[in-house]
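The values are calculated or read from the model by the stated rules, or taken from the named source; none is laboratory data. Remember, predicted model here, so these are calculated numbers, not experimental data. Glycine gets a Cβ as well: all are built from the backbone with ideal geometry, and neighbour counts include every protein chain shown. Areas reflect the complete protein model, heavy atoms only, side chains present, ligands, DNA and RNA absent. Shrake-Rupley method; radii C 1.70, N 1.55, O 1.52, S 1.80 Å.
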Amino acid sequence: MPGALNFLFKTFSPGGGLHKKLIAGSVQDRDSVVASAKQVDALDIQRIIPLHGDVIETDAHQKWKVAYQGLL
């Protein structure tokens with residue numbers, strides 16, 4: 001069971017295969033979302049405070065780029 005859980009966590013984690021597909025495939029107006037993602041990418045992101053989970057304070061901008069690379 002630990003191997004299956006590890007697989008699921010990697011798949012759903014930012015940068016994971018399913019996460020990428022959900023982010024890129026769940027938008028209705030792709031051009032608008034891409035433009036918004038590029039605006040966010042231009043910011044100096046130092047910290048990400050998610051609705052749930054841990055606050056990201058180390059390499060926040062790079063981690064954001066990994067999560068949204070399908071839209072940049």
Cross-chain or 6+ apart pairs with Cβ under 8 Å, the stretch 31-50 first and among the polar types (S, T, N, Q), then in a loop (DSSP other than H, G, I, E, B) and open to solvent by 50 Å² or more (accessible area, probe 1.4 Å): Gln46/Glu57
Condition check for Ser13: modelled with pLDDT of 90 or more and among the hydroxyl-bearing types (Ser, Thr, Tyr): no
